[in-house]
Amino acid sequence: MTEELQGKVAAVIFHSSDGVFSVFRLKDKQSGTVVTAAGQVGVPAVGQTVALRGCWVKHPRFGMQFRADSMAEVRPERAEDIEQYLASGEIDGIGPALARRIINRFGSRTLEVMDSRIDALLDVPGIGEKTLARIRASYQSGAELRDLVLLLQSAGVPSRFAAALQKLYGDGLEQVLKKEPYRMVREVSGMTFRMADQIAMAEGVSPQDESRILCGIFQVLTDFSMEGHCCVPAPAVWQQAAVLLRLDSEVAAAAGRDAVETGELPSLIWRDRLFLYLPSLYEAETESCHRVKLLLRGAYLGSAKLAVQKFERERRIELAEEQRAAVDQAMESGLLIITGGPGTGKTTLIQAIMTAAEQHGKKVRLMAPTGRAAKRMSIACGRSADTIHKALEAERRGDKTFFGRNESEPLKEDLIIVDEASMMDMLLFYRLLCALKEGARLILVGDIDQLPPVGPGAPLKDLIAWGDVPVVRLHRIFRQKDGSGIIENAARIREGQMPQPDLSGEFQICFVDSDEEAFRLVMQLCRAAHYEEDEQKWDMQVLSPMYRGTAGVDHLNRAIQSYVQSGGEPASGFHRGDKVMQVRNNYEKGVYNGDIGIVWAVTEQKVFVHFPEKETVYEGEEKRELQLAYAVTVHKSQGSEYDQVILVLLPSQRMMLQRNLLYTGVTRASRKTVLITTGEALTAAVRNHRTAGRCSLFLPLLAGEAVP
């Protein structure tokens, strides 16, 4: 329940570097007690009287505190309170001594004087024209900020945006708020369409304003992209935009069609239907089509026969005919796809291709979409491998990602090999294509039976379906020793057959009757495997399709943390020794979505995490980038491999019971998979090979069927 708390700021304990989040002591006006308040409300000044709206929460370490959703300044009325406010340093040019002299001159009327006739401060000893100018500029700036805070609060927008808006737009802020409020969605970090729309409505913008409708359409397209779609049929967009904007669908459609005509709203026509795009995804699909066709014109490198003989002699192996053919194909085409399940020789083939390319004087670069996949590729191939983002020198600026490697500054290598390519979405694939130098070759290695990318599109799948890109399909299973039970069952699942436990115990199926029984069994297996040991935290992983539920990721993480840790409630939600995951790309720190680490130290304000390649420190709001990772979703596990996996698959997770999810979860283990399930859930997952469709015109573009 929302409550209001009013009082004077006694001390600021902590604030984030961006001035958004703060923790401070507040002397409650009603009770006179000093309480702790925290929230993304900006940083108050000591001595400032504020009104907070929010609720009381119990922090796991620091006890009861008021979690503020909004903060508004309450102007002090008593002379002593005004003096403390002036002496706080919030107003440039006024210190404690000068504050005392101002109060001696004007008393409780001080703020009224500063509002209406600030030149009267010249009557105060120690204030000359220069000091008055500093005071006036600072006080007026503060007044403008306070007015902006009130506007945001009246519109239901968090007041934390006030300082950012004032800094970004300066004197042009009023023009933006009244005439161009929707530009804030793309220019202000964290500003959503709904927030900008609430501000616009408060400023009197017409509900049928064209810029409002177009911004609403882009918001709808953004929402669809979060579900994996690159484009959307126009009627569906008009309908969703009308709901979002609370307008008649024909009004939204009319404005949208005008935007299509002017080119503001990118679109393509396929099979006499109009499809709409976000500009970034339109560029990605249309330009990628062009670049793929250029790649396919790659020149013949030369014979691979001697390189293959050398490779076989040094490795004391004999390549299968399909592998030899694949090496030859890599010499002939500028773009090649290699696909196959676990144990089918993909890594060996990559090594053979590298040998052949280097024999012809070509430089090779290895990449993968995730940190763990890159590390696994590096170990398997005996060569350094980077994440695609790192290789392309990605960096975050506000809400946008920029790539240092591009058409102007391309990669230097002649052959790029990308493992786990099924994880690449359309935007990342396009950025990779843009970074290839003229004459470079690209080899994509992936398993298309796994889950599709988290982001929009499925370029690897579309390239294979097109048919013009050379594709090597590896079927023969070479790895017959370690993890063979997993490999055999992965093949069964891929073919729509029920998996079977194997005699060696590498693949086990434990049938349960309820979510509660599944949860208890997971905990029992974690204890038996000594999950509390650091080595096991790296080598073992619990997987579940969903976050919610008794056997969901969130509940499992809390329970496993409680078992692994023997201390009290953790600070910042983490204990020393906790297994954690980075949940978004952080280019400054060099850690990426899906990276796993171990917490090695925790203080009141900081969390120190050891990742395989580096030590990283998190403080303030950065700690939100971490979550417990004793259990993770199957989607989050993509690109990773563990010695042992415990996979939960239950009827209560029916929305996620799909063959590719089961296949992906099972193949995350190299030595042992324990599947905890029911007969009903397992049968449903194996039979359900239909995945949610993704709207993309990349394949029709490649085939020449989609047109502007």
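Against the list (1) in contact (Cβ under 8 Å) with a residue 60 or more places away in the chain; (2) crowded, with 23+ Cβ neighbours inside 10 Å; (3) part of a helix (DSSP H, G or I), the condition Glu322 fails is (2). So is Arg136 touching a residue at least 60 places away in the same chain (Cβ under 8 Å), under 27 Å from Gly47 (Cα atoms) and among the basic types (Lys, Arg) or not? The answer is no for Arg136.
Taking segment 47-69 only, how many residues are open to solvent by less than 70 Å² (accessible area, probe 1.4 Å) and at pLDDT below 80? The total comes to 5. Go through the residues of segment 444-455 one by one and say whether even a single one is part of a helix (DSSP H, G or I), surrounded by 19 or more Cβ atoms within 10 Å (Cβ to Cβ) and modelled with pLDDT under 90. Looking through segment 444-455, none of the residues is part of a helix (DSSP H, G or I), surrounded by 19 or more Cβ atoms within 10 Å (Cβ to Cβ) and modelled with pLDDT under 90. Hey, does segment 579-590 have a residue that's over 25 Å from Met424 (Cα atoms) and modelled with pLDDT of 90 or more? Checked against the condition, which is being over 25 Å from Met424 (Cα atoms) and modelled with pLDDT of 90 or more, segment 579-590 yields at least one hit. Would you say Ala97 is open to solvent by 40 Å² or more (accessible area, probe 1.4 Å), more than 13 Å from Gly47 (Cβ to Cβ) and either of a type in the set (A, V, I, L, M, F, W, C) or under 45 Å from the mean Cα position of the chain (by Cα) (or both)? For Ala97, the condition - open to solvent by 40 Å² or more (accessible area, probe 1.4 Å), more than 13 Å from Gly47 (Cβ to Cβ) and either of a type in the set (A, V, I, L, M, F, W, C) or under 45 Å from the mean Cα position of the chain (by Cα) (or both) - is met. Residue by residue through segment 110-139, note down the ones that are surrounded by 13 or more Cβ atoms within 10 Å (Cβ to Cβ) and closer than 21 Å to Glu77 by Cα. Of everything in segment 110-139, those that are surrounded by 13 or more Cβ atoms within 10 Å (Cβ to Cβ) and closer than 21 Å to Glu77 by Cα turn out to be Thr110, Leu111, Val113, Met114, Ile118, Ala120, Leu121, Val124, Ile135, Arg136, Ser138, Tyr139. Within segment 222-251, the set of residues being in contact with a strand residue (DSSP E or B) (Cβ under 6 Å, 6 or more places away or on another chain) and under 20 Å from Pro181 (Cα atoms) is empty. So, of the residues in segment 14-34 that are surrounded by fewer than 15 Cβ atoms within 10 Å (Cβ to Cβ) and closer than 22 Å to Pro76 by Cα, which turns out to be nearest to the chain's Cα centre (by Cα)? Result: Val34. Quick check on segment 555-565. Is at least one of its residues in contact (Cβ under 8 Å) with a residue 40 or more places away in the chain, of a type in the set (Ser, Thr, Tyr) and assigned to a strand (DSSP E or B)? No.
One residue stands out in segment 224-244 among those that are open to solvent by 50 Å² or more (accessible area, probe 1.4 Å) and at pLDDT 95 or above: the one that is nearest to Leu697 (Cα to Cα), namely Pro235. Exactly one residue among Gly382, Gly371, Gly341 is closer than 26 Å to Ser484 by Cβ and either among the polar types (S, T, N, Q) or in contact with an Asp or Glu (Cβ under 7 Å, 6 or more places away or on another chain) (or both), and that residue is Gly341. All conditions in (1) closer than 20 Å to Val308 by Cα; (2) open to solvent by less than 30 Å² (accessible area, probe 1.4 Å); (3) outside any loop (DSSP other than H, G, I, E, B); (4) in contact (Cβ under 8 Å) with a residue 40 or more places away in the chain hold for Tyr430, with the sole exception of (1). Of all residues in segment 141-157, none satisfies being more than 24 Å from Pro44 (Cα to Cα), open to solvent by 70 Å² or more (accessible area, probe 1.4 Å), acidic (Asp, Glu) and part of a helix (DSSP H, G or I). Among the residues in segment 527-541, are any buried (at least 22 other Cβ atoms within 10 Å of the Cβ), in a strand (DSSP E or B) and either at pLDDT 95 or above or out of contact with any Lys or Arg (no Cβ under 9 Å at 6 or more places or on another chain) (or both)? Yes, segment 527-541 contains at least one residue that is buried (at least 22 other Cβ atoms within 10 Å of the Cβ), in a strand (DSSP E or B) and either at pLDDT 95 or above or out of contact with any Lys or Arg (no Cβ under 9 Å at 6 or more places or on another chain) (or both). Of the residues examined, Leu415 is not one that is of a type outside the set (Lys, Arg) and closer than 30 Å to Arg183 by Cβ. On the given criteria, is Ala37 small (Gly, Ala, Ser) and either surrounded by fewer than 16 Cβ atoms within 10 Å (Cβ to Cβ) or farther than 30 Å from Arg136 by Cβ (or both)? Judged against the criteria, Ala37 is a match.
The values are calculated or read from the model by the stated rules, or taken from the named source; none is laboratory data. If you're wondering where the values come from, they're calculated on a predicted model, not measured in any experiment. Positions of Cβ are backbone-derived with ideal geometry, glycine not excepted, and every protein chain shown enters the neighbour counts. Just the protein is used for accessible areas: all its heavy atoms, side chains included, with ligands, DNA and RNA removed. Shrake-Rupley method; radii C 1.70, N 1.55, O 1.52, S 1.80 Å.
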